[in-house]
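Throughout, read-outs are computed from the coordinates displayed, never taken from laboratory work. Computed from a predicted structure; not experimentally measured. Here the Cβ positions follow ideal geometry from the backbone for every residue, glycine too, while neighbour counts run over all protein chains shown.
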Amino acid sequence: MQVDHPDLRGKVAVVTGAGRGMGARFAAALARRGVQVVGADIDTELMDRAAADLRAEHRDVTGAGDVVGARVDVRDKEAQEALAATAVERFGRLDIWINNAGVFPEAPVEEISAAQMQATLSINVEGVLYGAQAAAAHMEAGGAIVNMASVAAVRVRRGRAAYCSSKAAVSHLTECLAVELGDRGIRVNAIAPGFVDTEMTRWVQDDPAALAKALDNVPLHRLGSPEEIVGPMLFLLSDSARYVTGHVLAVDGGSRHV
Ligand SMILES: NC(=O)c1ccc[n+]([C@@H]2O[C@H](COP(=O)([O-])OP(=O)(O)OC[C@H]3O[C@@H](n4cnc5c(N)ncnc54)[C@H](O)[C@@H]3O)[C@@H](O)[C@H]2O)c1
C-alpha cells in the first residue's frame, strides 16, 4: 500500500545505515515523496551502489528527490557532525534524521567480550546520540528524528544480551531526547521492529528450525517486510504525527506480547 505524505515534499533527510536493508528502503520512500536524501553508511561501496540504484528507481517519478551517498561511521561524533553539515551544504536545510545504522552481534552472556560489548553500545547507542546531536544543531522547529529500537528492548532473546540491552538504551534515550529537544520543537520517536526480512535476519531465514521457533513468538505468524516498516516511519516523520514525540512504536506482528 502506497501512502502519500505531501507535507514531506521539499524536506531534507539524512538516513544512516542506508546502504542496504531498511535504511535503503527508508531513503527510497522519502525520495519518492519528494524529499532530498543523504544516505550514509560505513560501507561506501554498498552505499554508492544503493544511491545509484535509488536514483535509477526514481528517474521517472515526477518530483522525486535526489539520493546522495556519503560515508559515516556512526560511532564517530565528528563524522556525524560532518554528515549533517554535508546535507545542509548540499540541500540548504535539514528536517529529518533517521538513526537507523545498527549491528546485531551474537554471544552467550558468559562469552561476551569487552570489545564486542563496547562496539555494540558504541554503534547502537552512542551512534543514536551523536546522530541526534548533529541533527538538532541544524534543525528548526518542526524537525523530526526517528531512531531504530527493537522488540529486543522489551523481550529477552538468548545469545543477544549485548543487542537487547543496547536497544533498551535506544528506547529510553529516545524519551530523553524527546524531552530536551521538545524545547526547540523537534520531535524524537523510535520504531521497534520485530523480525524483518533483511540481511540482519538472514541467519533465521536460512535455518528452518530457527525460523519456526522465531515465528512461534509472532502472533501474525510471519516475518515483516522492510516495506511494512516504511509506512509507520513515514507517519512518524509526517505532519500527521506533529503531536507525537517520545514514542516507541512497535511494528512487530505482536511479538512483544509473547
Ligand atoms: N531486521 C530486523 O529484524 C530488525 C529488527 C529490529 C530492529 N532492527 C534495527 O533496524 C536497523 C536496520 O536494520 P537492518 O535489518 O536493515 O540491518 P542491515 O544489517 O541490513 O543494515 C544495517 C546497515 O547499517 C550499516 N552500519 C553498520 N555499522 C555502521 C556504522 N558504525 N556506521 C554506519 N553504518 C553502519 C551497515 O553497513 C548496513 O548497511 C538496525 O538498527 C537494527 O538493529 C532490525
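General remarks:
- Counting Lys and Arg as +1 and Asp and Glu as -1 over every other residue whose Cβ lies under 9 Å from the Cβ of residue 123, the net charge comes to -1.
- Calculated Rg and Dmax of the range 102-220 using C-alpha coordinates, Å: 16.0, 49
- The range 7-257 gives an Rg/Rh value of 0.95, both radii derived from C-alpha positions and Rh following Kirkwood.
- Each Lys and Arg adds +1 at its Cβ and each Asp and Glu adds -1 at its Cβ; summed about the Cα centre, the chain shows a dipole of about 420 debye.
- With Cα atoms defining each centre, the range 171-206 and the range 1-50 are spaced 16 Å apart in the structure.
- Ranked by the mean number of other Cβ atoms within 10 Å of their residues, highest first, the peptides 88-97, 139-148 fall in the order 139-148, 88-97.
- Rounded tilt (10° steps) of 226-237 against the dominant C-alpha axis of the chain: 50 degrees
- C-alpha long axis of helix 77-91 to longest principal axis of the chain, angle in °: 40 degrees
- Taking label positions 7 Å along the Cα-Cβ direction at both residue 205 and residue 158, the computed distance is 2.4 nm, reported to one decimal.
- The calculated FRET efficiency for residue 168 paired with residue 57, based on their beta-carbon distance and R0 = 51 Å, is about 0.90.
- Gain on full extension, evaluated as 0.36 nm per residue between residue 77 and residue 3 minus their Cα-Cα distance, stands at 23.2 nm.
- Loop-located trypsin sites (Lys or Arg not before Pro) in the range 167-258 (DSSP state not H, G, I, E or B) with no more than 14 neighbouring Cβ atoms inside 10 Å: 222, 242.
- Computed over neighbours whose Cβ is under 12 Å from that of residue 9, the net charge equals -1, Lys and Arg +1, Asp and Glu -1.
- log₁₀ of I(q)/I(0) at q = 0.26, 0.27, 0.28 Å⁻¹ - the range 14-79, Debye sum with one point per alpha carbon: -1.01, -1.07, -1.14
- Counting only lysines at least 8 places from residue 213 when in the same chain, those with an alpha carbon closer than 24 Å to its own are 167.
- Neighbours of residue 222 by Cβ distance under 15 Å: Lys/Arg scored +1, Asp/Glu scored -1, total -4.
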